[in-house]
Amino acid sequence: MLPCGSFTQRYETDMSIVRTKMQWILLIVFLLLLFAFPWFSSNWAISLANVIAISIVATLGLNILSGCTGQISIGHAAFVAVGAYFSAVATSTYGLSTWIALPLSGLFTGIIGLFFGLPSLRIKGVYLALATIAAHFIIMFVINNWRGVTGGSYGMQVPFATIGGISLSTDRSYYYVVMIVTIIMIVIAKNIMRGKFGRAFIAVRDNDLAAETMGISLFRYKLLSFFIATFFAGIAGALWAHYLGVVHPEQFTIWDSIWYLGMLIIGGMGSITGTIFGVIFLKVLGEYVTIFSQMVSAAFPAIAEQSFASIAQIVYGLVIILFLIFEPRGLYHRWEILKAYYRLFPFAH
Amino acid sequence: MRPRRQTIILSVITAILIVTLLVPSACQVKGEQTIKIGELIDLTGPTSDAGQEMHQDYVDNIKWLNEVDGGFNGIKAELLWFDTAYQIPRVLSGYKRAREQGAVAFFLWAAGDVEALKPTLEREKVPISTSGTSPNTIYPSGWAYTSQSAYADNFAGFMSWLKQTWKETRPVKVAITGFDNAFGRSASVAARKYAKDNNVQIVAELYFSPAAMDFTTEVTKIRDAGADYAYISASQVPVAAILRDANKIGILGKVKFVHGTSSSPLQISRLAGALTEGLLYCDDNPVPSETNIPAIQRCNEMLMKYHGTKLADTEDVYIQTFTRSQLFFEGIRRALNKVGYDKLDGAAIKEGIDSIKDFDLMGITPRMSFGPDDPRGREHIRMVEYKGGKLVPISDWIYCEFVKPE
């Protein structure tokens, strides 16, 4: 829906993502604020922003797979691990540049994703979810036991990214790399979703039998969906590896896979904006309950802090449950309501 | 329109929540000189059974330091704790937040946490004392210290004891089981290096998820492998559950079960009860019954002051945390004496810890030393057996090889 009084007169304007002058101004102001953020923020806030951005890249891939194509995956964290370890091995063992290892990590992970996407041609729903859980355990088993390459359960050191001899080892310096890559991945995801592939994915999600009848090759598009999703996961993994400077199997647990799916559901499956909202909401909520538990335990020192840590986790889970009960379509639906209200103001309908 | 009003209210609440995140934590003691020590520990999550116990012990040590010892030369210590819930992003977030609040050193929990922070610790020059001691966390020596035998060293010490006590000519058969992570797999690093020299044959290596609750598969494989001993590298709940399942299939008593550090004997005895009879423990602390040792007397005094109780017969974590805290405090004290409060930073504390040699920690023997090349502090273990609900030493102190990563 366009703002009141705005009309498109050309096809190109109708198809563009940014359609009005005001939207362009808002976008530019947002980007300026985004890149100026490190200059007025604490190290912790910059670190949180980095983690959020990397999670957005990973979850965007899952959105294409689960949100758009309807293929539930509970093994996404393992593909992030594949990307992280590929980049770690490429840079630390073979001396490749980070800037070459980054896209190669995505490609390599995409190829691995193709292999694990093969079951999706035969099974769907809960059965596919179980197959992806198996994929997670298979990949982590290989990582844990292929000691000569991955360092096994001890992990491996990863060199920090450098530009012109300057090491990007601090949160502030790496922030710009992460943000630029995240913006590029968002643009790629957006264009996939509104193009031919995106329409095919949605058709497969809504009714795969009808889609096949209409000429959409399930084989091709399901595997393509897995490839794209795991490509995104690989990029996120590589970003994560060069951010921390170390990769370790415990950074990629089955719980992380479940949380990626949780972020997607909270944000709104099938939408890019929803994915971003979902990631930000859950990450910020996690920080908030930690601070809340510390504030309350400081106010009631007679009660053990463990109690407040546990209560904080209960609050965290309760917020998610309440959200799913009262807004099952996700944060993106709330955003749409807000936008509609703004655009129609002061008219009710 | 109701959804619209709900949306506006939700948006306002969200904006308030985000703004409060950017406000400094209310926990900070404002206007008072304090030395802040960060603590990143699992108060929730799969290893919280041990984390909660250890956190309370750290709190007691800090309280005693402030209330009885008068702090560090009159300057109070402040513990900035963060629940990491066994998640690396929360470890990062907790670390950054604590650093922002002025933490100069940290107590850390899991080996994975230390590995994740290692490059950051190197860059920011922040020393930590960790209970998570896989070979990679403490070697090469850097900013991570420990005052208990490292996981792999603990198993190396156990193998040395086997060499001393195994009477048969055939190799002693040992099964290793534990968490499928750096902690659980550390024993196998020591096994690969030293098993042959100690006449030990590793007959099974079985790893499980930290969230696992049933170990019938593992104990069945231990039985089928014909193990004489089974070494468990896990926290207390899995240890107790393994004893339960071993008893269920009838191998308890036929196979000798042993557990290493980072499993609380107190919790194991509470969970497994009579099944712990004969269980072995590679202990690196004095046992509660050694009340002639001033350190044990101090632990009892602390427990009486803050909890109205004393060391239980199978308590060990309290003594472990006491040792870790006191050694770390000694390092901070030495740094403070050398550089003063205004120049106190991580590098000075590291220098202070490294200067600790043959330290007499209230009668605990053998004495402890640190150095730039040896961050371990504790290099000896003693075999202890659960007998009649008590921990009874059955060996002298055994030196543990410093097991370095492959």
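Sites listed here are trypsin sites (Lys or Arg not before Pro) in the range A:59-147 whose DSSP assignment is loop and whose Cβ has at most 13 other Cβ atoms within 10 Å: A:ARG122.
The A:SER97 and A:PHE40 beta-carbon pair, evaluated with R₀ = 35 Å, returns a calculated FRET efficiency of approximately 0.65. Using a Gaussian network model of chain B in which every pair of alpha carbons under 10 angstrom is joined by a spring, one finds that among B:PHE322, B:PHE82, B:PHE155 the greatest mean-square fluctuation is at B:PHE82. Computed over chain A with a Gaussian network model linking Cα atoms closer than 10 Å, the most mobile of A:ALA53, A:ALA78, A:ALA312 is A:ALA312. Taking the three principal axes of the alpha carbon atoms in the protein assembly as shown, the coordinate ranges are 91, 63, 52 Å, sorted in descending order.
Close amide H pairs (under 5 Å, H built 1.01 Å from N) link B:TYR145 with B:ILE128, B:SER129, B:THR130, residues at least 5 positions away or on another chain. Of the peptides B:106-119, B:250-263, the ranking by mean beta-carbon count within 10 Å, highest at the top, reads B:106-119, B:250-263.
Based on the convex hull around the alpha carbon atoms, the range A:70-172 presents an average projected area of 7.8 nm².
Stick to Cα atoms and the Kirkwood definition of Rh, then tell me Rg/Rh for the range B:23-126. Rg divided by Rh gives 0.97. Considered as an equivalent ellipsoid built on the Cα gyration tensor, chain B has semi-axes of 37, 27, 20 Å, the largest given first.
Note on B:THR165: accessible area approximately 60 square angstrom, rounded to 10, probe 1.4 Å, nucleic acids and ligands left out. Pairwise Cα separations in the range B:281-406 fall into 10 Å bins from 0 onward with the following percentages, short to long: 12, 37, 32, 16, 3, 0. For chain B, the membrane-span-like helices by this rule, meaning whole DSSP H stretches whose C-alpha atoms cover at least 24 Å of axis and whose Kyte-Doolittle mean is 0.5 or above, are B:2-21; this says nothing about an actual membrane. With a 10 Å cut-off around each Cβ of A:35-48, the average count of Cβ atoms from other chains is 3. An ellipsoid equivalent to the range B:182-223, defined through the eigenvalues of its Cα gyration tensor, has semi-axes of 23, 14, 5 Å when rounded to whole angstrom and sorted largest first.
Put simply, the Cα atoms of the range B:163-205 extend 33, 16, 14 Å along their principal axes, the longest span coming first.
Only helical runs count toward this figure. For chain A, summing -39,500 (n - 2.57) over DSSP H runs of n ≥ 4 and dividing by all residues gives -23000 deg cm²/dmol at 222 nm.
Dividing the helix sum by the residues of chain B, where each DSSP H run of 4 or more adds -39500 (n - 2.57), gives a mean residue ellipticity at 222 nm of -14000 deg cm²/dmol. Spherically averaged projected area of the convex hull of Cα atoms, chain A: 21.6 nm². A Gaussian network model of chain B, with springs between Cα atoms under 10 Å, assigns the largest mean-square fluctuation among B:ILE88, B:ILE35, B:ILE232 to B:ILE88. Excluding same-chain neighbours fewer than eight residues apart, the aspartates and glutamates reachable from B:LYS350 by a Cα-Cα span under 13 Å are B:GLU122, B:GLU124, B:GLU330, B:ASP373, B:ASP374.
Near A:VAL246, the amide H atoms lying under 5 Å from its own belong to A:VAL158; only residues 5 or more places off or on other chains count, and H is placed 1.01 Å from N. Applying a DSSP loop filter and a limit of 10 other Cβ atoms within 10 Å to the trypsin sites (Lys or Arg not before Pro) in the range B:357-406 leaves B:LYS357.
Histogrammed with a bin width of 5 Å, the alpha carbon distances of the range B:67-214 distribute as 2, 9, 15, 16, 15, 13, 11, 8, 6, 4, 2, 0, 0 percent, first bin at zero.
Beta-bridge orientation, the protein assembly as shown: approximately 35 percent antiparallel, per DSSP, counting only bridges with both partners inside.
Across peptide A:244-257, the mean count of Cβ atoms from other chains lying within 10 Å of each residue's own Cβ comes to 6.
The values are calculated or read from the model by the stated rules, or taken from the named source; none is laboratory data. Bear in mind the structure is a predicted one, so any value in this text is a computation, not a measurement. Every residue, glycine among them, receives a Cβ derived from its backbone with ideal geometry; neighbour counts consider all protein chains shown. SASA here: full protein model, heavy atoms, side chains in, ligands and nucleic acids out. Shrake-Rupley method; radii C 1.70, N 1.55, O 1.52, S 1.80 Å.
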